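Since every read-out is calculated from the coordinates, none of them should be taken as a lab result. Given the structure is predicted, the values throughout are model-derived calculations rather than measurements. Cβ sites come from the backbone with ideal geometry, for glycine too, and all protein chains shown count toward neighbours.
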Amino acid sequence: MVNPNLDSVTTIRPDGSHRILHPSDAKGRFNTWRRAVFAILILIYVLLPWIPVRGAPAVFFNAAERKVHLFGHTLVFQDLWLGFFLITGLGFGLFYITALFGRVWCGWACPQTVWLEGVYRRIERWIEGDGPKRERLAAAPNTADKIFKRVLKHGLFILVSLFIAHVFISYFISLPRLYSMMRTSPLENWTAFLWVFTMSGIFYFNFAWFREQLCIVICPYGRLQSALIDDNSLVIGYDTARGEPRGKPGTAGAGDCVDCFRCVQVCPTGIDIRQGLQMECIGCSACIDACDDVMTKLKRPRGLIRYDSQNGLTGGKTKFLRPRTLVYTVMLLAGITVFSFALSSLEPFTATVHRMQGSPYYRQDGLVRNQFQMRLTNKSAEPASLTIEVSGGDHALTWNRGDGMLQLEGMEERVLPLFVSMSAAEFAGAFPLTIIFENPDNGHRVEKTVPFLGPDQPANPPTP
Ligand code: SF4
Ligand code: SF4
């Protein structure tokens, strides 16, 4: 095992090649809790596109129809401004959690950790054994046993990667369509096939080989941690005052750390937490479990490595209420309030009216006619009946949809022509035309105003 130091990245050798880590399994209370959290999160990731909420999947980005379904709310293209609040809200949420609890997101809930630790590493441990065994296997010559284990492991990795790619794509393509695609030739749906193929390749590369490098080299969040946390944020740290100087049990004057290196052996990013808080620490708590196990065996109190603030680790008190957390709380609450209000006031249907291409108006049979195109979207899963009314102030108008209700199926989007006419003899200049859509069942009403155009001069000027 390599003794990590602060001057080099643990996963890169001096010649620049990738040093593959073989972290040992850490057994303990945090590991048990993490496994439970991973199982719940994987269930959530997989089930969200399956669970129907008000007739649509709980979370679904309908690429074909350019709609987003979010827990019973349907957002169309015009509602995309809400995405700003959602993304900034999630960003502030992460800032807030980081200021209070350090990198708890990375260690407990980031999909990279959840799939890597919750599935891929478990498969690896099941086939090749714990860290030291895997290290020996990696260094061993290619025997039949090693090749069998490697083929089995990578075969399962590929299957899991295919599964995750299908889960991922089910957030964008509806499940019945995805199922029918899976039963037809890839050539018939080559775009979706290419997506699944590419995503599976990326997942396999990432989880089978790249692994912790995504957190260390690519993810910007770890680099932000020094700006987001302070001495009162909860982090995973080593109690230097209690642990130092290190020494074997029974050494006179030695602290509690027996320099057994268990905390380094279990670390998925290969660092030594005793060197202080480091960008590579993803807050996975494996070193806490490993050290607690050693302390328990030595009949010493647990917590030489523990969740604590930098203040707490140096004997001070942790302050949860501080300017940084208060500012983040206010911003987070404001964001949640605005987003909830905006979401609750979303329209159950939307309507747009545009003038049709071509001549702005037509004259025929003594009439002036304007032609429009209406786009109506029912954003609810229930069918909706709409009335359409056209008003031009005092002008007597006729239109082709004046015959009663228009039916829209749940989630249906329909594009329809609207022809509005008036007597050419009475046309005395352009005027605003109001088109009113109403659902009498819920009273929701949308009004759109467009100009009614005609010839500049009245068709038959009145004789003086
Ligand atoms: S130092 Fe500890 S908490 Fe941080 S990544 Fe390593 S094992 Fe996990
Ligand atoms: S596991 Fe605990 S006792 Fe062992 S080296 Fe790490 S801090 Fe020291």
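Treat the count of other C-beta atoms within 10 Å as a stand-in for reagent exposure and order Val266, Val338, Val59 from fewest to most.
Val338, Val59, Val266
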| note | With +1 on the Cβ of every Lys and Arg and -1 on the Cβ of every Asp and Glu, the dipole magnitude of the chain about its Cα centre, in debye rounded to the nearest 20, is 2140 debye
| request: List the cysteines in the chain whose Cβ has no other cysteine Cβ under 4.7 Å from it. | output: Cys106, Cys110, Cys215, Cys219, Cys257, Cys260, Cys267, Cys281, Cys284, Cys291
| Nearby lysines by direct alpha-carbon distance to Lys153 (threshold 23 angstrom, same-chain neighbours under 8 apart not counted) | Lys27, Lys133
| request: Would you calculate a helix-derived [θ] at 222 nm for the chain, using -39,500 (n - 2.57) for each DSSP H run of n ≥ 4 and dividing by the full residue count, to the nearest 500? | output: -11500 deg cm²/dmol
| query | Spin-label point model (7 Å from Cα, Cβ direction): what's the Arg122 to Ala254 distance in nm? | reply | 3.7 nm
| request: Mind scanning Lys297/Lys319; Lys248/Lys319; Lys67/Lys448 and naming the pairs with a C-alpha gap bigger than 26 Å? | output: Lys297/Lys319; Lys248/Lys319
| remark: Note, segment 192-208: 3J(HN,Hα) by Karplus (6.51, -1.76, 1.60, θ = phi - 60°), whole Hz, Gly/Pro = x, goes 5, 4, 5, 4, 4, 4, 5, 4, 4, x, 5, 4, 5, 4, 5, 7, 8
| message | Which one, Val446, Phe419, Thr387, projects farthest toward the positive side of the charge dipole computed for segment 349-452 from Cβ point charges (K/R +1, D/E -1)? | response | Phe419
| query | Can you list the residues, at least 5 places off or on another chain, whose amide H is less than 5 Å from the amide H of Val59, using H built in the peptide plane? | reply | Phe71
| query | What nm distance separates the two modelled labels at Ala334 and Ala428, each placed 7 Å from Cα along Cα→Cβ? | reply | 5.2 nm
| message | Can you return the aspartates and glutamates within cross-link range of Lys299? Criterion is Cα-Cα under 13 Å, with same-chain partners fewer than 8 residues away left out. | response | Asp256
| Quick one: length gained pulling Val415 to His166 fully straight, 0.36 nm per residue minus the C-alpha distance? | 86.4 nm
| request: Please give the contour-minus-distance gain from Glu244 to Asn311: 0.36 nm per residue of separation, less the Cα-Cα distance, rounded to one decimal in nm. | output: 22.4 nm
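Can you sort Leu194, Leu41, Leu433 from fewest to most other Cβ atoms within 10 Å of each residue's own Cβ?
Least to most surrounded, the residues fall as Leu194, Leu41, Leu433.
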| message | If packing is taken as the average number of other Cβ atoms within 10 Å across a peptide's residues, how do 204-212, 371-379 rank, most packed first? | response | 371-379, 204-212
| task | Can you put Thr98, Thr88, Thr74, Thr191 in order of Cβ neighbours within 10 angstrom, beginning with the fewest? | result | Thr191, Thr88, Thr98, Thr74
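On a full-extension model of 0.36 nm per residue, what is the gain between Phe205 and Ile20, subtracting their alpha-carbon distance, rounded to one decimal in nm?
Separation in residues times 0.36 nm, less the Cα-Cα distance, equals 65.2 nm.
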